[in-house]
Amino acid sequence: ELCFRAYNPSPYALIGHHAVTSDDAPLPLPDDLVLAPQEVYTLTTAEIVTEPTTFNLVWTARTATRSIPVTATAAAAVRVPHLDASLSFGRRSNPCQSQTLTVTPGTPVVYCYTVLNDGGATFTHHQLSDAAFALEHAFAYSLTPDLAVGLVYTRALTTTTTSQVTWSASLTDGRVLSDTTQGVVFVVPPSLIEVAVLLDGA
């Protein structure tokens, strides 16, 4: 439930109320709403939240006497258990930075599998899978909110490879959540330069 509360601290009554959330959805406010000095107006709505969300609100009105505009903003964050998996690539001398990489055959490629706990609960057991390499890796680790954990593998590829990655993790109550991501390493042959030599009689 979202509880919106508007308070008028001014000595003037406020009319012409209009309020919108961050996705430009208007709140159902009465057209004849008058907020007297020191008065509070409360509106409650319900939302189904499946991932961490921040609700932002902009509330505007004007004074009933001189129509002076006034504006107030507010925000509330809702935390739910949630994972955000990512896959990035790099070379041995460079950190993982991109979801795509182009290399020549046999070049060692660093695979960085990472998961961020951007929710509001702790995960205890983890399972990483990458179908492109038949990778299945399970381990125990206490991943608390707002922290990340990762695994690094180095592979020498001979063909272009697309990774489909799934990271699953267990909550302390036994529930399992997962997130998927993907990345591509393009393998191309080395570039060639052709040189032509022309001879004349001199």
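The values are calculated or read from the model by the stated rules, or taken from the named source; none is laboratory data. Being a predicted model, the structure only gives us computed values, none of them experimental. Here Cβ is always computed from backbone atoms with ideal geometry, including for glycine, and neighbour counts include all displayed protein chains. In case anyone asks, the SASA skips ligands and DNA or RNA and just uses the protein heavy atoms, side chains included. Shrake-Rupley method; radii C 1.70, N 1.55, O 1.52, S 1.80 Å.
Brief remarks on what is shown
- The 3J(HN,Hα) values that the Karplus relation (6.51, -1.76, 1.60; θ = phi - 60°) gives for region 126-136 are, in residue order, 10, 9, 10, 9, 9, 4, 5, 10, 6, 7, 9 Hz. Gly and Pro appear as x.
- Accessible area of region 34-172 belonging to carbon and sulfur atoms, whole % at 1.4 Å probe: 53
- Estimated vicinal HN-Hα couplings, Hz - region 27-38 in sequence order (Karplus 6.51, -1.76, 1.60; Gly, Pro = x): 7, x, 9, x, 5, 9, 5, 10, 9, 6, x, 6
- Orientation-averaged projected area, Cα convex hull of the chain (nm²): 22.8
- Kirkwood radius for region 60-116, taken over all pairs of different Cα atoms as the inverse mean of 1/r, rounds to 16.3 Å.
- Counting Cα-Cα pairs of region 126-202 in 10 Å increments starting at 0 gives whole-percent bin shares of 13, 35, 20, 11, 7, 6, 5, 3, 1.
- Residues whose amide H lies under 5 Å from that of residue 147, counting only those 5 or more places away or on a different chain, are 117; hydrogens are built 1.01 Å from N in the peptide plane.
- Shape descriptor for region 50-163: Rg over Rh equals 1.26 (Cα atoms; Rh from the Kirkwood inverse mean 1/r).
- Considering only 86, 102, 43, and ranking their Cα positions along the charge dipole of region 29-114 that arises from unit charges at the beta-carbon of Lys, Arg, Asp and Glu, the one farthest toward the positive end is 102.
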